[in-house]
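All remarks here apply to the structure that follows.
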């Protein structure tokens, strides 16, 4: 039986595909020594004893269900269902970096004594007073923090569930703050 080699990268198992990249070299059909030197490991299939069950255990199935539900929670957390607010009837989102950049910009206008600030997003012009911009950014920052808290709470609650049925029936959409409308 031919040996298989793998690496774990970002919690994901990657199998060797036949070409080793080592520095600026590509090695086709590398030796085992070259693979091991480059961090690849030998894949060992679990040997099943005669009479040993080949089906996953109830505990393994529960953990798989929890992992899948947590991925669903994380996808929902990144979706427009959560990451969205409405400004002048337009749905949009500003990630943490953009919110910080906007706050810095608005505060610079404020320090120069300007009262109004105009910004463009997605082809739309938005003009508000410095005070309105800062209040909107504060509300948006609190919304984002509260939404993240709900996401983390959902993950913890899913991890505490004891049956697959509870995990499958868990409502990942509950508890999120109301979408902001400006």
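Read-outs throughout are calculated quantities, based only on the coordinates presented, and are distinct from any laboratory measurement. Just so it is clear, the model here is predicted, and its values are computed rather than measured. Positions of Cβ are backbone-derived with ideal geometry, glycine not excepted, and every protein chain shown enters the neighbour counts.
Could you please state, rounded to a whole Å, how far the C-alpha centre of region 84-148 is from the C-alpha centre of region 22-47?
50 Å
Roughly what would the spin-label model give for residue 116 and residue 164, points 7 Å off Cα along C-beta, in nm?
So the label points at residue 116 and residue 164 sit 6.2 nm apart.
Taking the Cα atoms only, what angle lies between the long axis of helix 130-160 and the longest principal axis of the chain, rounded to 10 degrees?
The two axes meet at around 30 degrees.
Hey, what did the chain get for relative contact order, percent, Cα under 8 Å, at least 6 apart?
22 percent
Exposure proxy check: 44, 119 ranked by fewest other beta carbons within 10 Å?
Taking fewest neighbouring Cβ atoms as first place, the list is 44, 119.
Match the structure shown to one of the listed values (i) -0.41; (ii) -0.63; (iii) -0.32 of log10 I(q)/I(0) by the Debye sum over Cα atoms at q = 0.09 Å⁻¹, computed from it, and give that label.
Only one option fits the structure, namely (ii).
In a Gaussian network model over the chain where Cα atoms closer than 10 Å are linked, find which of 16, 121, 85 has the largest mean-square fluctuation.
16
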